[in-house]
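Chemist: Encoded as structure tokens, here's the structure I'll be asking about.
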Amino acid sequence: MASWKNWSEETRHDGIKVYEPTTEQQLIDAVNDARDNHLKVRVVGSGHAWSNIGLRKDGEDAGNASPPAADPGAVSPGYRGGAVILTHGLKRILAVDRDAARKTVKIEAGAVLAEASEKLYDEYRLTFPTMGDTDRQTVAGAISTDTHGSGAKLRSLADYVTGIEMVLADGTCRALDDRELKAARVSLGMLGAIYSVTFQVTNTIYLNHHRTLVRVPDDFDNLDAHFHNNRHVEYWYFPYTDHADLMLRETTHPTNPGIYLIETEQLRAEGRFLDFLGRVRPSALPWAFKNGTKGRRDEHRVGPAHTILPLVSQSTVDDVKTHTMEYLFPYEKLREAFEQLQLSITAARDDGIYVGIPVHIRFIKQSRNSLLSPYVWPLTASFSVNFSTKHEGFEQWFRDVERRMLDPSIGGRPHLGKIHFKKPDIPAEFEEIRKELDPGEMFWSPEDIYREIP
Ligand SMILES: Cc1cc2nc3c(=O)[nH]c(=O)nc-3n(C[C@H](O)[C@H](O)[C@H](O)COP(=O)(O)OP(=O)(O)OC[C@H]3O[C@@H](n4cnc5c(N)ncnc54)[C@H](O)[C@@H]3O)c2cc1C
């Protein structure tokens, strides 16, 4: 029996059986063994999803989010105890089709995006069409929660998936058909254990990255032009100010010389400083954000896409572990939503809760291929709100942001891999396919993921 915890250390499963397959056959063996021993299974990648990917209750602490090991039978009748299948040993690139009009690569589920990106660049001069702000997720983990980057022309990573091979509860490993694929691209581990994922990819592109300080919401007036001129567009909004870093990235020629002005180390130092301040004197955070935007210089660099995205190194990300929630809403509602966000930051401050991390504002093109995808509008905008795990008061603030984003005037939906307190709607078609693929509910069901913690 062993333990597993996720990246933010909010979710911890103790007293579970852990499988670490390195081949397709070992993944099949793990599923068969778990089924024969009546173990409820959660398949995991890098553990970068937050919480249980589900509801939290006031006062919940890390240990309470465990699967049934702590409370046999509480999750699903018929299964006792719990098992986690760790997929990091499944990391090979299985096939590359470079000649097809639509280039594709087939990769084992547990390959980490960063390593897969590097291999695709080094050996094949290919790249993933989009990337989030970290690349430490596994390919199956990233698609399972509909991980996205930012740009009006870019869909989520799962939307570029053309094939999935999955080990089902009965121990068979097979390629899913088109109908099943629509459920499996974004499935939160509820259908079975993904063995491989085939992605549509592109030839390597070079990106020209430019970061500059702008006023918000004023700069929202320029978004149509930003979208027209750039492949990637995003903001980092500095709370308590009317400023944001605008990040623009457009494809460019490899010989275009890049000017490298600001070290990533600077971002790291800023993050550490704000984290420290939030612990010792949170009421000074508004002052720090206001001063931090003074004299900020532009940043400009050029490189192959996988060296530009993500911009922030993993060590920077690991320095300040966060609780993170992301709400998605129609792009047309951006201004109203931003006003609500600012009101929420002010209301929290009035209650003595201070936000110590900028808010990420992003844009995602409509998802066409996944039943569970929340990117349902022609263009989605989103706010990611972050709160250091070392600071006090995140839940009150997140609940207030969620309440405002769910208001019918905004009509928001939660990012499925991040904290949310409202259970999203699970379409009947998804449930139908889930019952066909996993009739005995051996893998986590919506009830397991979205159960309320007493
Ligand atoms: C620092 C940080 C930055 C992030 N940035 C972004 C971002 O820019 N954009 C964005 O959209 N999200 C972002 N996320 C969220 C992250 O992309 C998702 O939570 C993603 O699902 C994590 O992938 P993982 O490999 O860690 O999967 P895990 O967290 O281990 O698992 C996530 C889900 O996938 C399922 N799963 C994993 N592997 C398999 C498999 N082989 N078979 C079946 N199911 C499986 C799990 O059961 C679970 O439901 C970020 C997270 C962190 C911590």
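Chemist: Looking at 116, 100, 83, 111, which is the one that is touching a Lys or Arg at 6+ places or on another chain (Cβ under 6 Å), without any contact (Cβ under 8 Å) to a residue 40 or more places away in the chain and not aromatic (Phe, Trp, Tyr)?
Modeler: Among 116, 100, 83, 111, only 111 is touching a Lys or Arg at 6+ places or on another chain (Cβ under 6 Å), without any contact (Cβ under 8 Å) to a residue 40 or more places away in the chain and not aromatic (Phe, Trp, Tyr).
Chemist: Separate question: Check 133, 122 and return the single one that is surrounded by fewer than 21 Cβ atoms within 10 Å (Cβ to Cβ), at pLDDT below 95, within 11 Å of the ligand (Cβ to nearest atom) and acidic (Asp, Glu).
Modeler: After ruling out the rest, the residue left standing is 133.
Chemist: Test residue 400 against the criterion of being surrounded by 17 or more Cβ atoms within 10 Å (Cβ to Cβ) and over 22 Å from residue 369 (Cβ atoms), and give yes or no. Step through it out loud before you land on a result.
Modeler: On the way: surrounded by 17 or more Cβ atoms within 10 Å (Cβ to Cβ): yes; over 22 Å from residue 369 (Cβ atoms): yes.
In short, yes.
Chemist: Another question about this same structure. On the basis of being within 12 Å of the ligand (Cβ to nearest atom) and outside the structural domain of residue 367 (by TED's automatic domain parsing), does residue 170 make the cut? Don't jump to the end; show me each part of the working.
Modeler: Details: within 12 Å of the ligand (Cβ to nearest atom): no; outside the structural domain of residue 367 (by TED's automatic domain parsing): yes.
No; evaluated as a whole, the condition is false for this residue.
Chemist: Show the residue pairs that are 6+ apart or on different chains and have beta-carbon atoms under 7 Å apart, the first residue being within segment 20-49 and closer than 11 Å to residue 84 by Cα and outside any strand (DSSP E or B), the second being more than 10 Å from the ligand (Cβ to nearest atom) and among the hydroxyl-bearing types (Ser, Thr, Tyr).
Modeler: Hits for this filter: 30/19; 39/79.
Chemist: What's the number of the condition residue 112 fails, among (1) hydrophobic (A, V, I, L, M, F, W, C); (2) at pLDDT 95 or above; (3) within 11 Å of the ligand (Cβ to nearest atom); (4) within 26 Å of residue 250 (Cβ to Cβ)?
Modeler: If we test residue 112 against (1) hydrophobic (A, V, I, L, M, F, W, C); (2) at pLDDT 95 or above; (3) within 11 Å of the ligand (Cβ to nearest atom); (4) within 26 Å of residue 250 (Cβ to Cβ), just (4) comes out false.
Chemist: Let me confirm something: among 36, 14, 71, 61, which residue is more than 10 Å from the ligand (Cβ to nearest atom), at pLDDT 85 or above and not β-branched (Val, Ile, Thr)? Break it down into steps so the answer makes sense when it comes.
Modeler: Values: 14 fails: at pLDDT 85 or above; 71 fails: at pLDDT 85 or above; 61 fails: at pLDDT 85 or above.
Being more than 10 Å from the ligand (Cβ to nearest atom), at pLDDT 85 or above and not β-branched (Val, Ile, Thr) holds for just one of 36, 14, 71, 61, which is 36.
Chemist: Continuing with the same structure: Would you tally the residues in segment 388-397 being crowded, with 17+ Cβ neighbours inside 10 Å and either assigned to a loop (DSSP other than H, G, I, E, B) or among the acidic types (Asp, Glu) (or both)? Lay out the reasoning, then the answer.
Modeler: As a first pass, look at segment 388-397 and keep what is crowded, with 17+ Cβ neighbours inside 10 Å: 388, 391, 394-395, 397.
From what's left, either assigned to a loop (DSSP other than H, G, I, E, B) or among the acidic types (Asp, Glu) (or both): 391, 395.
So the answer is 2.
Chemist: For the condition modelled with pLDDT of 95 or more and under 18 Å from residue 4 (Cα atoms), what is the one hit in 48, 88? Before the answer, list the steps.
Modeler: Numbers: 48 fails: modelled with pLDDT of 95 or more.
Among 48, 88, only 88 is modelled with pLDDT of 95 or more and under 18 Å from residue 4 (Cα atoms).
Chemist: If residue 401 passes every condition in (1) within 16 Å of the ligand (Cβ to nearest atom); (2) in the same structural domain as residue 221 (by TED's automatic domain parsing); (3) touching a residue at least 60 places away in the same chain (Cβ under 8 Å) but one, which one does it miss?
Modeler: The single condition residue 401 does not satisfy is (1).
Chemist: So, one more: Criterion first (more than 16 Å from the ligand (Cβ to nearest atom) and not in a strand (DSSP E or B)) does residue 223 satisfy it? Spell out how you get there, then give the answer.
Modeler: On the way: more than 16 Å from the ligand (Cβ to nearest atom): yes; not in a strand (DSSP E or B): yes.
Answer is yes for this residue.
Chemist: Identify, from the list 192, 149, the residue that is closer than 24 Å to residue 134 by Cβ, within 16 Å of the ligand (Cβ to nearest atom) and not hydrophobic (A, V, I, L, M, F, W, C). Let's see the steps before the verdict.
Modeler: Values: 192 fails: closer than 24 Å to residue 134 by Cβ.
Criteria check complete, one pass: 149.
Chemist: Quick one: in segment 224-252, of everything that is hydrophobic (A, V, I, L, M, F, W, C) and touching a residue at least 60 places away in the same chain (Cβ under 8 Å), which residue is farthest from residue 96 (Cα to Cα)?
Modeler: In this case the residue turns out to be 238.
Chemist: List every residue pair whose Cβ atoms lie under 6 Å apart, where the two residues are 6 or more positions apart in sequence or sit on different chains, the first residue falls within segment 270-298 and is more than 12 Å from residue 239 (Cα to Cα), and the second residue, located anywhere, is charged (D, E, K, R) and assigned to a loop (DSSP other than H, G, I, E, B).
Modeler: Pairs that qualify, where the first residue is more than 12 Å from residue 239 (Cα to Cα) and the partner is charged (D, E, K, R) and assigned to a loop (DSSP other than H, G, I, E, B), are 279/390.
Chemist: Consider segment 421-454. How many of its residues are crowded, with 19+ Cβ neighbours inside 10 Å, closer than 18 Å to residue 323 by Cα and away from the ligand (no atom under 12 Å from the Cβ)?
Modeler: 1
Chemist: For segment 304-365, list the helices (runs of 4 or more DSSP H) that sit wholly inside it and hold at least 3 residues that are surrounded by fewer than 20 Cβ atoms within 10 Å (Cβ to Cβ) and more than 13 Å from the ligand (Cβ to nearest atom); which are they?
Modeler: On the way: elements: 305-308, 314-319, 334-350.
In segment 304-365, 334-350 are the helices (runs of 4 or more DSSP H) which contain 3 or more residues that are surrounded by fewer than 20 Cβ atoms within 10 Å (Cβ to Cβ) and more than 13 Å from the ligand (Cβ to nearest atom).
The values are calculated or read from the model by the stated rules, or taken from the named source; none is laboratory data. In this text, all values refer to a predicted model and were calculated from it rather than measured experimentally. Cβ atoms come from the backbone with ideal geometry, glycine included; neighbour counts cover every protein chain shown.
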